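Working notes, beginning with the structure itself.
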Amino acid sequence: MTFHLRKLASWLAVAMAAAFLAPVDSAGAAPSQRPILVSRVSATYGWQDTRFKVEEGDTYTVSYLSGGWTVDHRSFPRVGPSGYAPSADSQIYQGCKLNDHIPYGTLYAREGTDDATAIPVAQGKTLHASQAGSVYLRINDDDRCLADNAGSIRVKLFRGIPATALTDPFHHESGEAQAPYHVVQGYHNTEGGCVIGRGPDHCQNQLFAVDLEPTGGTTVSPNVYSPAPGTVGWQDKGTGCLGMDLADGRNLTVCHMSSFNVAIGDSAQRDELLGVRRTPWVHLSIDDRRAGRPYQPVPLNLTASGWDHTLDGASLTPGHEDGTSGVETVRWGGHSYRVRYEEWLGLEGP
């Protein structure tokens, strides 16, 4: 696409009604009262009212389910709610973003009608409502530039944090939870082979592991806090790893600790102290050990069963579409998985 065509589309666009986003109905409570709501967000409309009501101080989560959209159906492919990769984003006319520093196609949320509360949620995010009102969602593309858009995505909104969903394991030295971090090793980093524990190790049952490193410097505590409630099922002092049995029976592995603050058999609540890290980063992965070996890897995303395994609300879908190539099929334990090499590397949160 050339810049002048994108600009022309912005002149031709008309104001769109904000009530397009349609909750998927179920019997019973009105949308504002439901603890869970599934909605569709169109790329061709501006702010769209989900009818999901929050009160000031409420904790709620917005997570991506499926679908894709584009800010120029003539020239650019559809992508997910993380928006376009930098190489593609830089080729698009830059005069239509809600935020110049956020890629086109990124999913945004706000509470009520105050644009000051707008925040990019991308694949998903757990939020704390700054004011009361309905939650609105939209694509990162200004209203005047929507005429050449196409597609839609489906998202899930729910109150609180699911028992099996993960939150990051870092706190500020002050005790404040949820320190900022980035992913320094993503899904499937096994170019050259898989050697768990001694090199490339996000493979086999750890295929969908991530290594998180805090970005707050010395303000972040060296302690490691439990990403989810569970029972400690095993420990390995050699690797500094422990495993926790989650509410759905799956195993959460947390690694790179120099000492443990919990013992096998202990129950740990979310944000309870697990130990002290011995590396700048912490490893998180989930696998299913209920049927014995080979343990099956579990992605950090939403599930059909409702036992969600998101990370700070983000649904880290393997093989997600973001305008780049390289998705391959990886086989392990008789199963096939679509995944990209070092997928989710660089992701920032919370």
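The values are calculated or read from the model by the stated rules, or taken from the named source; none is laboratory data. Everything numeric in this text was worked out from a predicted model, so none of it was measured. Here the Cβ is made from the backbone with ideal geometry for all residues, glycine too, and neighbour counts use every protein chain on show.
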When the residues of the stretch 215-246 are filtered to those that are of a type in the set (Gly, Ala, Ser) and crowded, with 18+ Cβ neighbours inside 10 Å, which remaining residue is farthest from the chain's Cα centre (by Cα)?
Gly240
What's the number of the condition Val41 fails, among (1) within 16 Å of Arg159 (Cα to Cα); (2) of a type outside the set (D, E, K, R); (3) in a strand (DSSP E or B)?
(1)
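Quick grid of which residues meet (1) of a type in the set (Val, Ile, Thr); (2) touching a residue at least 40 places away in the same chain (Cβ under 8 Å):
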{"site": "Val38", "(1), (2)": "yes, yes"}
{"site": "Val41", "(1), (2)": "yes, yes"}
{"site": "Thr70", "(1), (2)": "yes, yes"}
{"site": "Gln91", "(1), (2)": "no, yes"}
{"site": "Cys96", "(1), (2)": "no, yes"}
{"site": "Asp100", "(1), (2)": "no, no"}
Across the stretch 134-165, which residue is nearest to Gly105 (Cα to Cα) among those that are part of a strand (DSSP E or B) and among the aliphatic types (A, V, I, L, M)?
Ile139
By residue number, the members of the stretch 110-141 that are over 24 Å from Ser66 (Cα atoms) and of a type in the set (A, V, I, L, M, F, W, C) are Ala116, Ala129, Ala132
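For residues that are closer than 30 Å to Val135 by Cα and out of contact with any strand residue (DSSP E or B) (no Cβ under 8 Å at 6 or more places or on another chain), scanning just the stretch 163-195, find the one that is modelled with the lowest pLDDT.
My answer is Gly175.
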Within the stretch 13-30, identify whether any single residue is among the β-branched types (Val, Ile, Thr), modelled with pLDDT under 50 and more than 27 Å from Ser134 (Cβ to Cβ), and answer yes or no.
no
Scan the stretch 63-78 for residues that are of a type outside the set (D, E, K, R) and more than 10 Å from Ser152 (Cα to Cα) and report the count.
8
For the stretch 114-128 the number of residues that are under 14 Å from Glu56 (Cα atoms) and over 19 Å from the mean Cα position of the chain (by Cα) is 2
Residue check, Ala109 against (1) in contact (Cβ under 8 Å) with a residue 60 or more places away in the chain; (2) surrounded by 20 or more Cβ atoms within 10 Å (Cβ to Cβ); (3) assigned to a strand (DSSP E or B), all met but one. Which one?
(1)
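What do you reckon, is Tyr104 part of a loop (DSSP other than H, G, I, E, B), over 22 Å from Ser134 (Cα atoms) and in contact with a Lys or Arg (Cβ under 8 Å, 6 or more places away or on another chain)? Before the answer, list the steps.
Values: part of a loop (DSSP other than H, G, I, E, B): yes; over 22 Å from Ser134 (Cα atoms): yes; in contact with a Lys or Arg (Cβ under 8 Å, 6 or more places away or on another chain): yes.
So Tyr104 passes the test.
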Do you know which of the residues in the stretch 253-291 that are in contact with a Pro (Cβ under 6 Å, 6 or more places away or on another chain), farther than 21 Å from Thr215 by Cβ and not polar (S, T, N, Q) is surrounded by the fewest Cβ atoms within 10 Å (Cβ to Cβ)?
Arg270
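Scan the stretch 112-133 for residues that are among the polar types (S, T, N, Q) and either assigned to a strand (DSSP E or B) or on the phi > 0 side of the Ramachandran plot (or both) and jot them down.
Thr126, the sole residue that qualifies.
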